[in-house]
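A short write-up of the structure that comes next.
Any read-out appearing in this document is the output of simple, stated calculations on the displayed coordinates, not a laboratory observation. Just so it is clear, the structure is predicted and the values come from calculations on it, not from any experiment. Here the Cβ positions follow ideal geometry from the backbone for every residue, glycine too, while neighbour counts run over all protein chains shown.
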Amino acid sequence: MLVKAYNIKKKFDDVNVLENISLEVKEGEVVSIIGPSGSGKSTLLRCLTQLERVDSGKIEIDGKVMVDTKDGKTVYADTNTLHEIQLKVGLVFQNFNLFPHYSVLKNIIDPQIVVLKRSKDEATKIAMELLYKMNLADKSHAYPCELSGGQQQRIAIARALALNPKILFFDEPTSALDPELTGEILKVIKNLAKEKMTMVIVTHEMAFAKEVSDRVIFMDKGFIVEQGTPQEIFGNSVNQRTKEFLSQMNSYNQFY
Amino acid sequence: MKIDNIPIDLILKNMFAATGTVLKIFFLTILFSVPLGFLVALARRSRFKIISLPTRIYQLIFRGTPLMLQLFFFMYGPFYIFGKGFERFTACIVAFVINYAAYFGEIFRGGIAAIPKGQYEAAKVLGYSRLQTFMRIILPQVVKNVIPATGNEFMTLVKDTALAQVISVSEIFDVASKAGSKYFSAIPVMIAALFYLVMNTAVEFAFKLIEKKFDYYKI
């Protein structure tokens, strides 16, 4: 198991955002998390990538314990361990978060040089290979502001991949994109799935989740309501809440 | 050379000499108040009240009272309190530095606050340390953010040097107004205006250049 999370709880002020979430992700698995807004999907991802701290529960990533609750006390690992765990995960944001003052190439090589202490030549070689893969090699000297949202997101994916993460998290990677640009990102993710990259994807693209995932998790109001293969969730879910949500998404998709 | 019975060449000579003082005040104030303002900005952002609150009170006092009064304070205050004070020019620089650091602190604080949270989050997830994040990702963007407001402050500073005369530091306006009353003429003050305008034209050009240098990207 690459990710093991048990009984995760997280409150913002007095609102329970995550209530007893447990989740396991195997190596090479592609997991989609779907659910209405405010269901805690993004918060779960942010807890797993250390952008938020959980109130209680246990998270283990690639055999290293990030946080554990024993006898009612929640304790995070020491700074070094947390940094090691941080390097095992990558996160792709909804709004890309590229560094605007760096060129495309610098966005991808700077973390490699600064964080992994790679040489500039090695980092550049890795970056260029990834840019070829993303079909953006000709943009290496452009700045993020000169690129479309789809191109920026592909660069953000390349930047994350350059650090060789064990697992890549996607937080609604296509939600900030025009519909015609969504396809290019989904294609990239599909290719990564073919290469057996372990991925957890929070998404509103139901057709995509159905096609690419090994497992789909449906979250609502801070709970995991149901999980299973895409066929189980999209085909013949018996859960009332899941069916309601999916039919809502369906009518939305038909409307547009 | 005389115009309107005024010895223009003599006045110009004195004004050029006073320009040296003005430039000294200008550059020394910049040299100390910009880094100090940066520390003020960081102190204001501190999550420890014991650091942020006194800094805020300091800014309130020095932005909330006249610079002229502050010049008097640093000139004569220490004499009353310690029986021993600064030298005239030193008192002038101290007042300017402390006053301007309060303003720069506010400008830089705004510049830092304007950086989206996503930049910190992206850097954290990529494994940058907090210091690396600040030095490599945040600071370069802050510099771009604060250029216009800082240029504003620099221009104000050029004109504020005229206040140094209240503690008898002889600068351009001091020379001009004394000559003006001596020869009963407005011409020396007009010349002084030209001096300030020329200096601020240089400041304006410099900042235009810096702005252009940072134009290669947009947020």
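Would you mind giving the mean number of other chain beta-carbons within 10 Å of the Cβ of each residue in A:82-88, as a whole number?
Details: counts 0, 2, 1, 0, 5, 3, 1.
Taking the mean over all residues of the peptide, I get 2.
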* **Reachable aspartates and glutamates from B:LYS24, criterion Cα separation under 14 angstrom, eight or more residues apart if same chain** => B:ASP160, B:GLU171
* Structure fact -> Going residue by residue through the stretch A:135-144, the Karplus relation 6.51 cos²θ - 1.76 cosθ + 1.60 with θ = phi - 60° gives ³J(HN,Hα) values, rounded to whole Hz and with x marking Gly or Pro, of 6, 10, 4, 6, 9, 4, 9, 6, 9, x
* To do: Mind checking which lysines have their Cα closer than 25 Å to the Cα of A:LYS9? Skip sequence neighbours fewer than 8 apart in that chain.
  => A:LYS26, A:LYS41, A:LYS58, A:LYS64, A:LYS70, A:LYS73, A:LYS88, A:LYS166, A:LYS221, B:LYS117, B:LYS124
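Mind ranking B:171-184, A:130-143, B:72-85 by how tightly packed they are, going by the mean number of other C-beta atoms within 10 angstrom, highest first? Please list the in-between numbers first.
On the way: B:171-184: 19.1, A:130-143: 16.5, B:72-85: 13.1.
In decreasing order of mean packing, B:171-184, A:130-143, B:72-85 become B:171-184, A:130-143, B:72-85.
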* Could you tell me which GluC sites (Glu not before Pro) in the stretch A:180-221 are loop residues by DSSP with no more than 11 other beta carbons within 10 angstrom of their beta carbon? => A:GLU195
* Quick one: P(r) of the protein assembly as shown from all Cα-Cα pairs, 10 Å bins, percents rounded to integers, in order of increasing distance. => 4, 16, 21, 18, 14, 11, 9, 5, 2, 0, 0
* Cα-centred dipole magnitude for the protein assembly as shown, charges only on beta-carbon of K, R (+1) and D, E (-1), debye, nearest 20 -> 1040 debye
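So how do A:LEU18, A:LEU105 line up by other beta-carbon neighbours within 10 Å, fewest first?
A:LEU105, A:LEU18
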* **Hydrodynamic radius of the stretch B:112-219 per Kirkwood, over alpha carbon pairs, in Å** => 17.2 Å
* Structure fact -> Quick calc, the stretch B:2-213, dipole around Cα centre from Cβ unit charges on Lys, Arg (+) and Asp, Glu (-), nearest 20 debye, gives 880 debye
* **Antiparallel DSSP beta bridges within the protein assembly as shown, percent to nearest 5** => 60 percent
* To do: For the stretch A:12-28, take each phi angle, set θ = phi - 60°, evaluate the Karplus expression 6.51 cos²θ - 1.76 cosθ + 1.60, and give the result in whole Hz per residue in order, putting x for glycine and proline.
  => 10, 6, 10, 9, 7, 8, 10, 10, 6, 7, 10, 7, 10, 10, 7, 4, x
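Other chains near A:110-116: what is the mean number of their Cβ atoms within 10 Å of each residue's Cβ?
5
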* **From phi via Karplus (6.51, -1.76, 1.60), per-residue ³J(HN,Hα) for the stretch A:207-221 in Hz, x at Gly/Pro** => 4, 5, 4, 5, 6, 8, 7, 7, 9, 10, 10, 9, 10, 8, 6
* Peptides B:99-106, A:76-83: what's the order by average Cβ count within 10 Å, highest mean first? -> B:99-106, A:76-83
* Any chance you could check the Cα centroid distance between the stretch B:110-155 and the stretch A:191-251 for me, in angstrom? => 38 Å
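Enter the mean number of other protein chain beta carbons within 10 Å of the beta carbon of each residue in B:136-148, as an integer. Please report the intermediate quantities before stating the final value.
Details: counts 6, 6, 1, 1, 4, 3, 0, 1, 2, 0, 0, 0, 0.
Whole-number average of other-chain Cβ neighbours for B:136-148 is 2.
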* Positive end of the charge dipole of the stretch B:1-90 (Lys, Arg +1 and Asp, Glu -1 on Cβ, about the Cα centre): tell me which of B:PHE72, B:ASN5, B:LEU53 has its Cα farthest that way. => B:LEU53
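Rounded, prolate or oblate: which one fits chain B, using the alpha carbon gyration tensor with axes a ≥ b ≥ c (rounded when a/c is under 1.5, else prolate when a/b beats b/c, else oblate)?
Oblate.
Once you list every other residue whose beta carbon is under 14 Å from the beta carbon of A:GLU244, what net charge do they have if Lys and Arg are +1 and Asp and Glu are -1?
Surrounding charge for A:GLU244 is +1.
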